1. Enumerate the lysines that residue B:32 could reach by cross-link, defined here as Cα to Cα under 23 Å, with residues fewer than 8 away along the same chain left out.
2. Hey, what angle do you get for helix B:252-271 against the long axis of chain B, alpha-carbon based, 0 to 90 degrees rounded to 10?
3. Could you work out how far the C-alpha centroid of the stretch B:468-522 sits from that of the stretch B:60-102, in angstrom?
4. Name the aspartates and glutamates eligible as straight-distance cross-link partners of residue A:59: C-alpha to C-alpha under 15 Å, and not fewer than 8 places from it in the same chain.
5. Helix A:15-35 against the longest principal axis of chain A: what's the angle in degrees, Cα atoms only, rounded to the nearest 10?
6. Order the peptides B:180-190, B:19-29 from the highest to the lowest mean number of other Cβ atoms within 10 Å of their residues.
7. Report the gain in length on full extension from residue A:54 to residue A:34: 0.36 nm times residue separation, minus Cα-Cα distance, nm rounded to one decimal.
8. How well do other chains shield peptide A:91-101, expressed as the mean number of their Cβ atoms within 10 Å of each residue Cβ?
Amino acid sequence: MNIALLETGSGYWNTLIWVVTALIIGVCVLWLRNRGESRYKKDTDQTKPFLSGNPEVSKEDSHVGASHLYWGFTEALKNYYEPLVKMHTGNINDYSGWIVLVMAIIFIIIGVS
Amino acid sequence: MNSILLHAPALIIALPLLAAFITPILGRFNRKTISWLATCVLGLTLLLTIFVARQVLTHGPIVYVFGATETGLTLPFGYTMPIRIIFQIDAMGIFMGLITSLVAFLAAIYSISYMEQHTGLDKYYTLLLLLATSMFGMELTGDIFNFFVFFEIASISSVALIAFRSTISGEPAEAGLKYMVVSSISALMVLFAIGLFYGQYDALNMATIASVMQFTQLDKIALILLVTVLAMKAGSVPMHMWTPDAYSEAPAAITMILVAASQASLYALFRIVFSIYNVTLNTVTVGWILIILGVLSMFIGVTMAIIQKDIKRLMAYHSISQTGYMLLGVGVGLAVLTNPVALESFGIKAMEGGIFHIINNALYKGLLFLTAGAIFLRTDTRDLNKMGGLAHNMTYTTIFYIIGAAAIAGIPPFNGFASKLIIYESVYRFNPLLAIIAMLVSVLTLASFVKVFHSAFLGPRLEQYKSVQEVPKSMIIAMAVLSCLIVFFGLFPNLIVKYIVHPAVMALINQAHYTATILGGI
């Protein structure tokens with residue numbers, strides 16, 4: 001038995017081949033990176049970010065907080081999120097209500113099947 | 001020595017139970033020794049569980065009859081059904097037992113440093129040991145009333161552990177109260193269902209009930225009650241709302257055990273559906289109920305996780321999402337249980353994916369909650385908006401987080417990928433849409449954990465965290481063991497599937513073997 005070979009029922013997945021391939025690609029990437037860029041000059045204006053001429057904000061102030069991440073995603077799905085968040089009331093009566101509702105639905109489904 | 005090994009199934013329960021009662025006494029004399037006592041006892045329990053697992057996987061199911069002249073004497077002379085409390089340990093039961101023993105042992109190691117500054121440690125370790133005992137009981141017992149007793153002990157100890165941290169605003173107490181209410185409802189329903197079984201069949205032994213199951217109207221009601229409340233205790237949508245409250249407020253090591261406790265409820269659901277009812281029920285209907293609960297859990301869980309700002313609440317919603325994968329895989333297996341061609345073709349594989357995902361989830365979700373605990377210990381906040389740049393000072397925690405996050409997102413070569421791949425490919429053959437949803441959920445999972453990685457670990461060193469140090473060694477050891485197991489399971493998945501997962505799935509499917517183990521006829 002090949003212990004690294006995973007049988008999925010429809011095909012196979014060999015972890016070791018994946019690891020070896022990933023290592024080879026990694027080594028190639030590192031080799032390319034180490035060849036360097038001949039025109040690169042460290043600690044010059046060349047290495048600073050260009051923000052349309054505006055001064056660079058300090059690194060501490062430019063860290064993007066969790067609330068600002070995926071704003072576009074949540075904004076686009078606003079109609080989905082609004083009722084979903086409202087559902088999560090934090091009220092224990094509602095928690096119990098959901099249990100009763102699901103029980104009733106399963107009761108109907110199993111009862112008529 | 002032989003006598004100890006003969007009674008290993010009972011000792012798995014007895015050792016932590018005894019230690020639970022010794023702990024408060026010992027705590028009066030020496031506060032520091034209680035953490036080591038709990039760790040040693042749970043380590044010993046892990047060794048016993050591994051021994052029992054080896055026996056079960058090599059020689060078949062073990063039966064342990066409490067109070068009998070011989071441990072395997074299920075039917076004394078003249079009896080037609082067993083009346084004593086019996087532990088019936090098959091491959092599925094011991095699979096869950098292994099998860100519980102490993103998670104409880106690592107939680108105890110992690111707690112040595114994590115809980116060091118807290119008061120009331122005797123109570124903490126007593127409750128932790130009681131929780132571990134009750135989970136073992138739920139997983140190893142063959143008696144449904146005995147299951148109810150352990151189910152109650154698990155709920156009571158969990159409530160106290162969730163509310164263990166005292167804060168001025170009282171959130172842990174509130175979370176504990178909520179968990180107490182939902183646990184009481186579920187316990188009441190389980191007891192009612194047991195009453196329905198006992199009233200009809202005069203039996204409490206699960207194998208006996210299975211052998212005479214008629215699937216009457218009362219059995220239908222019992223099934224509805226059990227499926228609903230056990231799915232709720234597993235954290236299935238839309239009955240999942242207690243999960244973020246409880247998981248986020250409990251101490252990190254306890255959250256890791258709570259994940260395993262939820263999976264014990266999921267195991268009970270599978271055990272009841274497959275081992276008690278099996279083909280007497282409409283497998284397609286109940287299979288689809290599990291599938292729908294699974295898909296809802298996967299999708300709603302992950303989408304709610306993405307918008308969270310509290311690191312532990314975010315991870316708690318992911319627990320809900322991961323439970324969905326297990327329900328989906330096993331639900332597909334149940335839906336094709338009466339179709340031998342489909343069962344052989346993809347049903348067994350789907351169940352293997354779902355069951356394999358249980359142990360994988362316990363490992364990576366446990367690891368992620370422990371990293372969240374490490375962050376909380378050092379920053380005193382769970383708010384992702386207030387974090388940043390922690391990778392500079394917490395190198396090990398960062399590496400462990402990356403391993404856990406990659407595993408839960410299903411990135412090869414970690415363990416989450418292996419079980420998810422089996423689920424995708426087998427479920428695709430049942431219904432392609434379900435497999436596509438499962439893959440989409442994995443993408444969203446990755447996006448969510450990238451958010452945590454960026455918010456907590458990346459970026460410049462923040463002024464308030466400049467003096468932050470890496471967490472103590474016992475916490476690192478617990479996280480390192482989980483990380484190594486995640487990598488090992490990912491690199492050699494066939495080893496786990498062939499020797500642990502496949503026997504567990506076959507033990508679930510083969511009801512005749514389950515009943516014959518107790519009633520004879522093998």
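What follows draws every value from the coordinates through simple rules; no lab data is involved. A quick note: this is a predicted structure, and the numbers were derived from the prediction, not measured. We place every Cβ from the backbone using ideal geometry, glycine too, and count neighbours over all the protein chains shown.
1. In chain and number order, the partners are B:123, B:473.
2. With rounding to tens, the tilt is 20 degrees.
3. 20 Å
4. Output for residue A:59: B:463.
5. It works out to around 30 degrees.
6. Ranking the peptides B:180-190, B:19-29 by packing returns B:180-190, B:19-29.
7. So the extension gain works out to 4.0 nm.
8. Counting other chains' Cβ atoms within 10 Å and averaging over A:91-101 gives 5.
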